[in-house]
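Quick notes on the structure that follows.
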Amino acid sequence: AKLPRDDKTQILKQHRRKELETRQKMYRWKEWHPGFPLSIDAHSHSDLPRDIQFDNEKGVDFILNYSKAMENLYVNRFMHMFQSSWSDFADFERIFVRISNTISEYVMQHWKEDFMFGYQFLNGCNPVLIRRCTEIPKKLPVTTDMVECSLERNLTLEEEVKVGLCMKLDFVCSFSYPLMSKSWSNCLQPHLLSSGCKAGHGKASCSADWQTLHDATYDWLLAKIWVRSSDFHIHQTVTHLLRTHLVSEVFSIAMFRQLPAVHPLFKVGSCMKGFMWVKEANATGGGGHVQMVQKAMKDLTYSSLCFPEEIKAKGMDSKEDIPYYYYRDDGIKVWEAIKSFAEDVIHIYYESDEVVCEDVELQAFVKDIYVYGMRGVKASGFPKMIRTREKLAEYLTVVIFTTSAQHASVNFGQYDWCSWIPNAPPTMRRPPPTEKGTTTIEQIVESLPDRGRSCWHLGAVWALSQFQDNELFLGMYPDEHFVEKPVKEAMAKFRKNLDEIVNTIAERNKNKKLPYYYLSPDRIPNSVAV
C-alpha cells in the first residue's frame, strides 16, 4: 500500500492518475430523487461496473432463499388471494409456524404485552429511534391524570420527565407519537400512543388519536399495532435504506472515484452497493418512501453516524439508567474495536497530521462525499477536509461501522421481529377509528395485511435475514491486500479484539429468552449485502 507521496517515479504517478481517470468515467454520480444522496449513474444492475456488482451468488442466494421460504412456509397457495383477509390472529399461524425461530415464536406469544412493545425499541430490528424525553412534547395533549394508571413511582408525569425516566420515539416521518417510561422492572411501559387518525392532515387531531391504558383493550392494542406499522416503515425506508444502503453507496462511489487500488484506505475499505425492497408489500412503496427519505435527510448528519456520539445525544448512554440496551452496549464495543484498528493502520502510513493534509487523494475522497453524497449541505456536518490523524481514524471508523455493523444491526433481525405479521404490519388496510371504544377484534384483523401481501412479506423478511454460505464477517481479510508486517499485526489484533467481543456477548446471552446477537462480530458481514 502506498500514499501518493510514496510514488517517486513519473511512470508510477502516471499509472495512479490514469487509474483514477478511468474509474471516474465508470463511476459517475447521478440524482436518483431530488433531496436524496447522489447515487451511481446506472439504470439497472447490469449497468453497474463489474467491481461493485454483487457476486452472482448473492443475487442467486436471495432468490433461492425467497423461493425456499415460500416452499417451506407452503404459502404459494395464498399468494393469489390478495384482498382476502385472514380470519383471526390464529390464522396467521398457518403461514408462521413452518419456519422455527426462537425469537419470532416468543414474539408471537407475547406481542400483545406492553413489555414486549417497549423492549423492541431497545433491542429489536429498529433500536435507533428511542431517546430520553427532556420535556413533554408540545404536540402531545397529555396530563398526569391520563397516564396515572401506568406510572409506578407516585410521581407526576412532569416529575418522571424531570428525573429522566421518560422516553419517546423519534418518529419524525410519521404521525405516531409514543411516550414511555422506565418501570420498576426496567421495562419500558408505554403511556400514550397516537395513530394519527386524520390521515393526510399531518397531525393527530381527533380524540380517538390518543390512546392510554385507561382505554378499551382493543383500542389500546390497535394503537400499538399502528405504532409498530409506523416503526416498520421508518425502519425499512430510513434506518435501513437511507442510513445504511444509500450512505454506504456514497462511501463506495467516492472510494472508487478518488482512491486508487494501491491506496491503504482503498485496501481497508470494503463497501458495496445494496438494494432495498420497499414497494410490493409496503404501504410506503411506490412514492411514499421518497417523501420519507427526503424528510429524514435533515437528520442524516456526520455526528449521527458516530455511534457513541449519537447514543449520547439521545440521552441513552447511561447503563445504570437504561441497563438492558444491548444495541448500545454491543455497538460501542464494536465501534471501539474498529476505531482501534483504524488508528493502528493510519499510524502506519501517516506519520504526522501534515501527511494527512498532503494526501490529495484522501482529501478528494472526503470532498466527493461532502459535495455529491451529502449534496454540499453544511448542516450535515460532514467535513470538507481532514487535517489530523485523529479525525481520519474517526472518519474511517464511520465508513467501516456504517457499512458493516450498523447494517447488520438493522437487517438480520428482520425475520425475528417482523415475521409475526400483527407485530410489524407492512401495510394497514383500514384507517384508525375516529371514536374510542368502537374497535373490535374483527376490525383489527381486517386492518392487517391480506393473505397475499402477508405471504410476500414473510418470504422476503426471511430471505433478507439469511447469510450467504461463503459470507465474510468483520475482521476476515482472506485476500492478500496487505503484505506489510505491521498491518498484518494490526489485523491480528483486530480479530483478537473482535473474538473477545463475541465471547462476551455469547456469555451474556446464555439462557436468555430474548438473546441479542445482531452486533456479535461473527454475525456482522464485512459489508452491506441486501
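If you go through the stretch 148-166 one residue at a time, how many are in contact with a helix residue (DSSP H, G or I) (Cβ under 6 Å, 6 or more places away or on another chain) and more than 30 Å from Gly413 (Cα to Cα)?
Kept after step one, since they are in contact with a helix residue (DSSP H, G or I) (Cβ under 6 Å, 6 or more places away or on another chain), are these residues of the stretch 148-166: 156-157, 166.
From what's left, more than 30 Å from Gly413 (Cα to Cα): 156-157.
So the count comes out to 2.
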Check: So which residues in the stretch 352-379 are within 30 Å of Val483 (Cβ to Cβ) and either open to solvent by less than 40 Å² (accessible area, probe 1.4 Å) or modelled with pLDDT under 95 (or both), if there are any at all?
Finding: Ser352, Val355, Val356, Asp359, Glu361, Leu362, Gln363, Ala364, Phe365, Val366, Asp368, Ile369
Check: Considering only the stretch 166-181, how many residues are surrounded by fewer than 21 Cβ atoms within 10 Å (Cβ to Cβ) and at pLDDT 80 or above?
Finding: 0
Margin query: Looking only at the stretch 20-47, count every residue that is under 14 Å from Val250 (Cα atoms) and either among the β-branched types (Val, Ile, Thr) or open to solvent by less than 20 Å² (accessible area, probe 1.4 Å) (or both) and tell me the total.
Written below: 5
Checklist line | Among residues of the stretch 199-220, those that are open to solvent by 10 Å² or more (accessible area, probe 1.4 Å) and either at pLDDT 90 or above or not polar (S, T, N, Q) (or both), counted | finding: 15
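Checking the condition more than 26 Å from Met297 (Cα to Cα), more than 34 Å from the chain's Cα centre (by Cα) and at pLDDT 95 or above, which residue from Arg17, Arg5 passes? Give the steps one after another, and end with the answer.
On the way: Arg5 fails: at pLDDT 95 or above.
Answer to the selection: Arg17.
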Notebook entry, point to check: Pro525 fails exactly one of the following numbered conditions: (1) touching a strand residue (DSSP E or B) at 6+ places or on another chain (Cβ under 7 Å); (2) at pLDDT 95 or above. What is the number of that condition?
Noted result: (2)
Item checked: Conditions (1) in a helix (DSSP H, G or I); (2) of a type in the set (Val, Ile, Thr); (3) surrounded by fewer than 24 Cβ atoms within 10 Å (Cβ to Cβ); number of the one not met by Val262 -> (1)
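Would a scan of the stretch 60-71 turn up a residue that is more than 30 Å from Ile253 (Cα to Cα), at pLDDT below 85 and outside any helix (DSSP H, G or I)?
As a first pass, look at the stretch 60-71 and keep what is more than 30 Å from Ile253 (Cα to Cα): 67-71.
Now drop any that are not at pLDDT below 85, which leaves 67-71.
Within this subset, residues satisfying the condition of being outside any helix (DSSP H, G or I) are none.
Checked the stretch 60-71: no residue is more than 30 Å from Ile253 (Cα to Cα), at pLDDT below 85 and outside any helix (DSSP H, G or I).
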Note to self: I'd like the full set of residues that are open to solvent by less than 10 Å² (accessible area, probe 1.4 Å) and either part of a helix (DSSP H, G or I) or at pLDDT below 95 (or both), limited to the stretch 250-259.
What the structure shows: Val250, Phe251, Ser252, Ile253, Ala254
Check: Residues in the stretch 511-523: is at least one part of a loop (DSSP other than H, G, I, E, B) and of a type in the set (D, E, K, R)?
Finding: yes
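Return yes or no: is Asn503 of a type outside the set (Gly, Ala, Ser), at pLDDT 95 or above and open to solvent by 10 Å² or more (accessible area, probe 1.4 Å)?
Numbers: of a type outside the set (Gly, Ala, Ser): yes; at pLDDT 95 or above: yes; open to solvent by 10 Å² or more (accessible area, probe 1.4 Å): yes.
So Asn503 passes the test.
The values are calculated or read from the model by the stated rules, or taken from the named source; none is laboratory data. What you see is a predicted model; the values in this text were computed from it and never measured. Quick reminder, even Gly has a Cβ in these numbers, built from the backbone with ideal geometry, and neighbours come from all protein chains shown. Quick note on the areas: whole protein, heavy atoms, side chains included, nothing else; ligands and nucleic acids left out. Shrake-Rupley method; radii C 1.70, N 1.55, O 1.52, S 1.80 Å.
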